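Here the structure is laid out as structure tokens; the discussion comes afterwards.
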Amino acid sequence: MKIKRFFLKNYIEILVTLLGSLFGFFLMFSTFAVKSGSLFIATKAWSDFANHIPLIRSFSLGNNFLPQSPLFPGEPIKYHFLFYSIVGILENLGLRIDLALNTLSFIGFFVLILMIYFLAKMIFKSKGIGLLGVIFFLFNSSLSFVYFLKNYPLSSNTINDIISNKDFQSFAPYGKGIVSAFWNLNIYTNQRHLAISFALSLFIIYQIIKPIFQKKEIPTKIYIILGIVLGLTFFLHLAVLLMTIIVILCFAISFSSVRKNCFLLLIIAACIALPQYLYLKETPGFTPSFVIGFLTANNFTFFKFTEFWIYNLGLSIILIPLGFLFANRNQKKILLTFFMIFIIGNVIQFSPEIAANHKFFNYFLLVGNMFSAYFLLKLWHKRLFFKSLAIIVFFFMIFGGIIDFFPIYNDTKIELPDYRLNQDSFWIKNNTKPNSIFLNTTYLYDPASLAGRKIFMGWPYFSWSNGYNTNKRYSDMKAMLSTNNLSYVCKLLKQNNINYVEIKIQNPPDPNIPAISNLFHSQFVRLYENPNNSYFIYDVDSTCSAKE
């Protein structure tokens, strides 16, 4: 009887827990796995994992303290490395890489689901709004279904077309359409550190505004702890840290009852984050600038900007303002605070790639969805006509998200032999020092990267988007690989702290790799050769020391 009463009283919490568990487990464990010594990576995660796997391995199999990018060594790291360093440490302690990465990713996603629910429940004093907020998070409100119905017109086979769909019908800016790639759940399977960053931010915000909505005093020591946690998120996700600070500052302005504690929290966070910021500022990076229009910035007009957000927000562009109109004063202050994040994302570019601003809109929608849910329940609680209207609106709020789920569900995996099966990586791991740097002639999933070593220049997009000077790095790479002057090559190799040169003869040659001089084959000390794939490793120290 007690068990039955418990389920009846907490059935929505149980449902939210099930949603978080099922979606979190499926999304993380189905997109990355290790079987029989090979890495199996979902096709849609392949490119992102080409950045993440080397970063993880630089901590588990390599030596990456103080952290540098394993794809751009020689400068302080400019990427959010904290999450992946923890994964690497867990692998180093004996946990298989997929279990380490997927478990932490699952926890982050699951906690994010819980925080969306409990934050919405507290702000609106409604379990139903909390549940709808979670559903609107899982199934985005975009008009991506418009593109789907253009390609697959309504018919008796429509349900099967949806279930068997393997491709996102709109994938801006990397593919066709104007609905962006950043609203579907693929963003969380690829950027594994994003969910836990959002979860921590919402947890901090929940604790800050609890006295406002629950009339409960929070001990000062809690704010001190929250300030420490916030400061430590600098290298977990810098953009989320920035957004959280903005939100807390707005709370300090809007809510006098928590003003003192907000400033205490921010001062402590600043003290923790400052040394990390100074470390990052040792090298030049991208300077934020005013750029209006997000993905429409290059060809901005008011019409294109409006069209973009209508397609990307879908019915949320109507429901969020309607929810705001019916909200009480404190609830309105919450949405106005988060709307600041939406505005900032549309007017300031924080990295070389404007698309990286998507995080501002993902973050805004975590709370914006709650106001959509609030208005929808307002409709539901009225007469039959409005109940029917609420059902129709609810369907079109999640229809695009449902369609966008199946390309992830139906995705295939690419097999990549890990270092134990990869003869080249295995030799590197067992015969080179963990902090070694390789001058590479392949980019993605380089054998040295799989073994936890740093390569001089990984795929340029990864480093460019983080603010590194990839043009100069490519020029240096070309100078070292293409010259026939041994003294000059040795000088450049030493200047860049390179320990080994790896040569992969490709037929036809990769146009993205500079021409390779015969100098290495003729004058460098060869340490390793794999005739099966024309892969060679040459030693810099012994060759260039002899030259000196």
Please state which of the following conditions K150 fails to meet, knowing it meets all the rest: (1) open to solvent by less than 40 Å² (accessible area, probe 1.4 Å); (2) part of a helix (DSSP H, G or I).
(1)
Cβ contacts < 6 Å: first residue farther than 22 Å from V540 by Cα, restricted to region 468-483; second residue among the polar types (S, T, N, Q), any location; separation 6+ or different chain. Result?
T470/S463
So, in region 347-385, exactly how many residues are assigned to a helix (DSSP H, G or I) and farther than 19 Å from M243 by Cα?
12
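This table checks each residue for (1) open to solvent by 20 Å² or more (accessible area, probe 1.4 Å); (2) of a type in the set (G, A, S).
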site	(1), (2)
N346	no, no
Q349	yes, no
H358	no, no
F361	no, no
F371	no, no
K378	yes, no
K382	yes, no
I391	yes, no
G401	no, yes
Evaluate region 98-115: report whether one residue or more is open to solvent by 40 Å² or more (accessible area, probe 1.4 Å) and either part of a loop (DSSP other than H, G, I, E, B) or closer than 21 Å to D404 by Cβ (or both).
yes
Whichever residue in region 89-120 is of a type in the set (G, A, S) and touching a residue at least 60 places away in the same chain (Cβ under 8 Å) and, among such residues, is nearest to R57 (Cα to Cα)
S105
Go through S545, S534 for me and flag whichever is more than 19 Å from P73 (Cβ to Cβ), out of contact with any Pro (no Cβ under 6 Å at 6 or more places or on another chain), hydroxyl-bearing (S, T, Y) and open to solvent by 50 Å² or more (accessible area, probe 1.4 Å).
S545
It is to be established whether one or more residues within region 384-404 are more than 18 Å from L322 (Cα to Cα) and of a type in the set (D, E, K, R).
yes
Looking at region 397-423 only, could you name the residues that are farther than 22 Å from S164 by Cβ, outside any loop (DSSP other than H, G, I, E, B) and not polar (S, T, N, Q)?
M397, E415, L416, P417
How many residues are under 28 Å from L119 (Cβ atoms) and in contact with a strand residue (DSSP E or B) (Cβ under 8 Å, 6 or more places away or on another chain) if we restrict to region 296-338?
1
Could you list all residues from region 424-465 that are assigned to a loop (DSSP other than H, G, I, E, B), open to solvent by less than 10 Å² (accessible area, probe 1.4 Å) and of a type outside the set (S, T, N, Q)?
D446, A451, G452, R453, F456, M457, G458
Within region 495-516, does at least one residue satisfy the condition of being open to solvent by 50 Å² or more (accessible area, probe 1.4 Å), within 23 Å of G62 (Cβ to Cβ), in contact (Cβ under 8 Å) with a residue 24 or more places away in the chain and not acidic (D, E)?
yes
Among (1) open to solvent by 70 Å² or more (accessible area, probe 1.4 Å); (2) within 30 Å of Y468 (Cα to Cα) - the single one R329 does not satisfy
(2)
Checking I123 against (1) closer than 23 Å to F182 by Cα; (2) crowded, with 23+ Cβ neighbours inside 10 Å, which single condition isn't satisfied?
(1)
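The values are calculated or read from the model by the stated rules, or taken from the named source; none is laboratory data. What you are looking at is a predicted structure, and each value in this text was computed from that prediction instead of being measured. Virtual Cβ from ideal backbone geometry, glycine too; neighbours counted across all protein chains shown. Only protein heavy atoms, including side chains, enter the accessible area calculation; ligands, DNA and RNA are left aside. Shrake-Rupley method; radii C 1.70, N 1.55, O 1.52, S 1.80 Å.
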